[in-house]
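Q: Here's a structure for you.
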Amino acid sequence: MGEHKRIGILTSGGDCAGLNAAIRAVVHSAVNTYGWEVFGIRQATQGLMERPPQAISLTPDKVDPYLTTGGTFLGTTNKGNPFAFPMADGSVCDRSHEIIEGYRMLGLDALIGIGGDGSLAILRRLAQQGGINLVGIPKTIDNDVGVTECSIGFDTAVSVATEAVDRLQFTAASHNRVMILEVMGRDAGHIAMWAGIAGGADIILIPEIPYTLEGICQHIKKRQQQGKNYCLIVVAEAVRTEAGDRVVVAEHPENCRLGGIGQYLSQEICRMIGAETRVTVLGHIQRGGMPSHSDRLIATAFGVAAVELIAKEKYDHVVTWQKRHVVCVPIEEAINQYSTVNPNGTLATTARRMGIFLGS
């Protein structure tokens, strides 16, 4: 059975479907296999800043009901870099030592952090500074962590977006409209590409491939000449205007909220060819809801593998999914590799051969 351990687990960054499945797997594996104690930390690193630290004891019976629940029952945050934490007076303060102290106060032997590349980078820096035994689990609906073929949350997000494309097809055809679906994708276009192909979109726009408004309008007119008087466009929120400007809902020193590229395209298409357009912004609907079977399976495999890394005392590593297997790699390698859509890769080639307009 090995040495008794007390391990902590937290979810950091934006929420997504499948996080609770990963927490559940960690608890079952740690408690049932090794007899360890597991503590769930509330609101990510902010829970470790509180005094006393905000953590709850987790047992299999406590986590079982959350398998099919979206989000994270532990709570999370994507605000407040602990090394430059925003204070009430407008200043910033390094509060990293408070997090490290909170970890020590809980008497933890190791910490499992579930997050994207940004969260994992912060957690690794904290671990190096405070001697924390850290293991990472990748999650992000954008699927942009480079060392893993899939991250927790991506499959559910694509499923939601694909269903939206399916539903919009009928309305577009019924009214001879150009329907624009704006999906998430802060820097990468994986959701737009996957959902667009799966849903039979006519145009897919992603930040990795430049486009022209003239090219979009020509494709719409070509369809009209073929007797197809409607068009469905899927666009990632990170796509810029033709002039290269980023479209945002709000600017913030720490976090910029993207949104509005769909409305921009709608206005320009209407102006250039007079097409009747409608815009649907899917937004946070992609993050919520019941996790897909794939996200539950991947999350469960990741949770079990993370506990095994702690048992082997193989810290500063993250679990990944590669060629149908869980493979652990150094966290440094994970956060240094970023995965975007390959403009000439399999999916882009598939889309073009299916007659989908991607841009230049």
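The values are calculated or read from the model by the stated rules, or taken from the named source; none is laboratory data. What you are looking at is a predicted structure, and each value in this text was computed from that prediction instead of being measured. Because the Cβ atoms are built from the backbone with ideal geometry, glycine has one as well, and the counts that use them run over all protein chains shown. Only protein heavy atoms, including side chains, enter the accessible area calculation; ligands, DNA and RNA are left aside. Shrake-Rupley method; radii C 1.70, N 1.55, O 1.52, S 1.80 Å.
Q: Please give the number of the condition Y66 fails out of (1) within 23 Å of the chain's Cα centre (by Cα); (2) open to solvent by less than 70 Å² (accessible area, probe 1.4 Å); (3) of a type outside the set (V, I, T).
A: Result: Y66 passes all but (2).
Q: Tally time: how many residues in region 201-243 are surrounded by 15 or more Cβ atoms within 10 Å (Cβ to Cβ) and small (G, A, S)?
A: Adding up the residues that qualify gives 4.
Listed here are the residues, each with its yes/no results for (1) touching a Ser or Thr at 6+ places or on another chain (Cβ under 9 Å); (2) crowded, with 23+ Cβ neighbours inside 10 Å.
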position: I7; (1), (2): no, yes
position: N20; (1), (2): yes, yes
position: T72; (1), (2): yes, yes
position: G75; (1), (2): yes, no
position: N81; (1), (2): no, no
position: M105; (1), (2): no, no
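Q: If you take the residues of region 333-348 that are more than 19 Å from the chain's Cα centre (by Cα) and open to solvent by 50 Å² or more (accessible area, probe 1.4 Å), which of them is farthest from I216 (Cα to Cα)?
A: We begin by selecting, within region 333-348, every residue more than 19 Å from the chain's Cα centre (by Cα); these are 343-348.
Keeping just the survivors that are open to solvent by 50 Å² or more (accessible area, probe 1.4 Å) gives 344, 346-347.
Details: N344: 19, T346: 22, L347: 20 Å.
So the residue we want is T346.
Q: Considering each of A299, A275 in turn, give the residue that is among the small types (G, A, S) and part of a helix (DSSP H, G or I).
A: The conditions single out A299.
Q: While we're here: Within region 38-45, does at least one residue satisfy the condition of being under 21 Å from L123 (Cα atoms), out of contact with any strand residue (DSSP E or B) (no Cβ under 6 Å at 6 or more places or on another chain), crowded, with 24+ Cβ neighbours inside 10 Å and not aromatic (F, W, Y)? Can you show your working first?
A: Restricting attention to region 38-45, the residues satisfying the condition of being under 21 Å from L123 (Cα atoms) are 38-45.
Subsequent filtering for residues that are out of contact with any strand residue (DSSP E or B) (no Cβ under 6 Å at 6 or more places or on another chain) retains 42-43, 45.
Applying the additional criterion that residues be crowded, with 24+ Cβ neighbours inside 10 Å yields 45.
Keeping just the survivors that are not aromatic (F, W, Y) gives 45.
Yes: one or more hits.
Q: Determine if region 75-88 includes at least one residue that is more than 22 Å from T140 (Cβ to Cβ) and either at pLDDT 95 or above or in contact with a helix residue (DSSP H, G or I) (Cβ under 9 Å, 6 or more places away or on another chain) (or both).
A: Checked against the condition, which is being more than 22 Å from T140 (Cβ to Cβ) and either at pLDDT 95 or above or in contact with a helix residue (DSSP H, G or I) (Cβ under 9 Å, 6 or more places away or on another chain) (or both), region 75-88 yields at least one hit.
Q: Filter region 321-346 down to the residues that are small (G, A, S), part of a loop (DSSP other than H, G, I, E, B) and closer than 21 Å to A299 by Cβ and list them by number.
A: Taking region 321-346 as the starting set, the residues that turn out to be small (G, A, S) are 334, 339, 345.
If we keep only those that are part of a loop (DSSP other than H, G, I, E, B) as well, we get 339, 345.
Scanning region 321-346 gives a single hit, S339.
Q: Which of the helices (runs of 4 or more DSSP H) contained wholly in region 101-206 include at least 3 residues that are more than 22 Å from V341 (Cβ to Cβ) and in contact with a strand residue (DSSP E or B) (Cβ under 9 Å, 6 or more places away or on another chain)? Give the derivation first.
A: On the way: elements: 117-130, 154-175, 190-199.
Qualifying helices (runs of 4 or more DSSP H): 117-130, 154-175.
Q: From G102, G146, which residue is within 24 Å of D15 (Cα to Cα), touching a residue at least 60 places away in the same chain (Cβ under 8 Å) and out of contact with any Asp or Glu (no Cβ under 6 Å at 6 or more places or on another chain)? Walk me through it before giving the result.
A: On the way: G102 fails: touching a residue at least 60 places away in the same chain (Cβ under 8 Å).
Checking each option against the conditions leaves just G146.
Q: Another one. Please work out which residue is farthest from T346 (Cα to Cα), limiting yourself to region 148-199 and to residues that are open to solvent by 20 Å² or more (accessible area, probe 1.4 Å) and aromatic (F, W, Y).
A: Looking at residues that are open to solvent by 20 Å² or more (accessible area, probe 1.4 Å) and aromatic (F, W, Y), I get F170.
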